[in-house]
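A quick write-up on the structure given underneath.
Derivation of every value follows stated rules applied to the coordinates shown; laboratory data play no part. Every value quoted in this text rests on a predicted model; they were computed, and no experiment measured them. Ideal geometry is used to build each Cβ from the backbone, glycine not excepted, and the neighbour counts take in all protein chains shown.
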Amino acid sequence: MELLENAVRPYAWGSRTVIAELLGEEVPSAHPQAELWLGAHPDDPSRLVGGDGARTSLLDALHADPRRLLGADRADRWGGTLPFLLKVLAAEEPLSLQAHPSLEQARTGFARENAVGVDRHAPDRNYRDANHKPELICALTEFHALVGFRDPAATVPLLRALDVPELAGHAELLAAQPDADGLRALFTTWITLPQSALDVLVPALQAGCVRLAGNDTEFHTEARTVLELSERYPGDAGVLAALLLNRVTLAAGEALFLPAGNLHAYLHGAGIELMANSDNVLRGGLTPKHVDVPELLRVLDFTAAPPPVLTGRPDGEWIRYDTPIDEFLLRRWEGSNTSRAAAVAVPDGGPRILLCAAGSASVAGPGGHLEIKRGGSLWLGAEDTGITLTPGTERTQVFLASDALS
Ligand SMILES: [Zn+2]
């Protein structure tokens, strides 16, 4: 059991307050702070902080002794690496429209780009590793996102309500084929339109959205989202694509699970994100970064479904967010010392990262105890079993990341 020190990623869409407040630093921060990375990703591994203050990269520590840190079974199963990456995500502005590949697609794509000699860090590289990147985000604040294709039975009325002559044909195309094939056809049409056509269609859509956003129609949230996106990314095909996706607002404590092929864009809010340890992103727009439409089309799942919102289920004193993914499992505990005087057992099982998102906690095990306050985090290795936490008197919220093998 050791304290962790974690890296902040300063992407332009980040918040200047959320991560700075969490870490007890000066607010607002000098630069946008988008993500805090807790884990052993080679691009920005966390550091273990020893009792003497010495820092060791968690990645180096894992390389040096994977069987002790991960446990023998996990070291074999995960090839000596930490299978998950935990993040605090703080989006002030929308992130790109994106999807992540399946394991098979990532392996093939990574090998293909290696074979043709695309540098692993080149901006136009799609596959930076050979791993899939399913992800789970659990809201810390109200969290807004576009996630997965909406049932065309609900999208067609939205397109018709917009009352944009330039879109009428597209609405009827989807009405005539209200299924995955119809969604694929319409999305492909829009995402491959030449810029000259987009420069006509997107402003026409904006005008329709101004009308819908102004009154209290059932679609005003969708219309406002399109307006926000089109202001930031005028003439971007991703603005059109947003019309086809579920518009979701998560309350704090609710989560979204994003399997391979799910088209999504996070819009605004702060959350705890847990994912397989990968950086494979295929973008379709709403970004100045590399966009590869043909590759995105290859991996996308056009099956319409309600947004995959998870409320979590009780597991002892914790709430856990189950997914079909073996690489990660997120648990959350919330309470305070006034309501629960007894120490709370931290589930055993392989390598884990504990993050205090609110309040404070005293974490104890056979080897001693450590205090963490808001923004603090701990590494728990496979050998750190029988750990307990005792919350401070304020409302305390703690997240535990592990793999899902036990
Ligand atoms: Zn994503």
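For segment 304-313, backbone phi angles converted through the Karplus equation (6.51, -1.76, 1.60; θ = phi - 60°) give residue-by-residue couplings of 7, 7, x, x, x, 7, 10, 9, x, 10 Hz, Gly and Pro being listed as x.
Could you tell me the distance between the Cα centroids of segment 270-290 and segment 249-269, to the nearest Å? So the two Cα centres are separated by 12 Å.
Mind checking the alpha-carbon convex hull of the chain and giving the volume per residue in Å³?
Taking the convex hull of the Cα positions in the chain, it is 150 Å³ per residue.
Please work out whether segment 152-243 counts as rounded, prolate or oblate from its C-alpha gyration tensor, where a ≥ b ≥ c are the square roots of the eigenvalues and a/c under 1.5 means rounded, while otherwise a/b larger than b/c means prolate and anything else oblate? Since a/c reaches 1.5 but b/c is at least a/b, the shape of segment 152-243 is classed as oblate. Protection proxy ranking of 271-280, 290-299, by the mean of other Cβ atoms within 10 Å over each peptide's residues and highest first, is 271-280, 290-299.
Is the shape of segment 304-357 best called rounded, prolate or oblate, per the rule: a/c under 1.5 gives rounded, else a/b larger than b/c gives prolate, else oblate, with a ≥ b ≥ c the square roots of the Cα gyration tensor eigenvalues? Oblate is the answer for segment 304-357, as a/c is 1.5 or above yet b/c matches or exceeds a/b.
Report the FRET efficiency, 1/(1 + (r/R0)^6), for E166 and A252, where r is their Cβ-Cβ distance and R0 is 45 Å, rounded to 0.05.
Taking R0 as 45 Å, the efficiency between E166 and A252 is 0.70.
With θ taken as phi - 60° and the Karplus curve 6.51 cos²θ - 1.76 cosθ + 1.60 applied, the whole-hertz 3J(HN,Hα) list for segment 190-201 is 5, 6, 10, 5, x, 4, 4, 6, 4, 5, 9, 5 Hz, x standing for glycine and proline.
Taking the fewest neighbouring Cβ atoms within 10 Å as the starting point, the ordered list for E371, E135, E92 is E371, E92, E135. Compared with the direct C-alpha span, the chain from H31 to D73 gains 10.9 nm at full extension, assuming 0.36 nm per residue. Working from Cα pairs under 8 Å separated by at least six residues, relative contact order for the chain is 21 percent. Taking every alpha-carbon pair under 8 Å whose residues sit at least 6 apart, segment 323-402 reaches a relative contact order of 46 percent. Cross-link partners for K373 among the aspartates and glutamates, with Cα-Cα distance under 18 Å and sequence neighbours closer than 8 places in the same chain left out: E2, E5, E21, E25, E26, E334, E394.
Once a ≥ b ≥ c are taken as the square roots of the eigenvalues of the Cα gyration tensor of segment 1-105, is the result rounded (a/c under 1.5), prolate (a/b larger than b/c) or oblate (a/b not larger than b/c)?
It is oblate, given that a/c is not under 1.5 and a/b is not larger than b/c.
Potential lengthening of the chain between Q177 and A197 amounts to 4.9 nm, from the contour at 0.36 nm per residue minus the alpha-carbon distance. Once backbone amide H atoms are built at 1.01 Å from N, L263 has G148, F149, D301 as its partners under 5 Å, excluding neighbours fewer than 5 places away on the same chain.
3J(HN,Hα) couplings calculated from phi for segment 161-175 with the Karplus curve 6.51 cos²θ - 1.76 cosθ + 1.60 (θ = phi - 60°) are, in sequence order, 5, 4, 6, 9, x, 5, 9, 4, x, 5, 4, 6, 4, 6, 5 Hz; Gly and Pro show x. Taking a straight line from the alpha carbon of K133, these lysines sit under 18 Å away, with near neighbours fewer than eight places off in the same chain left out: K87.
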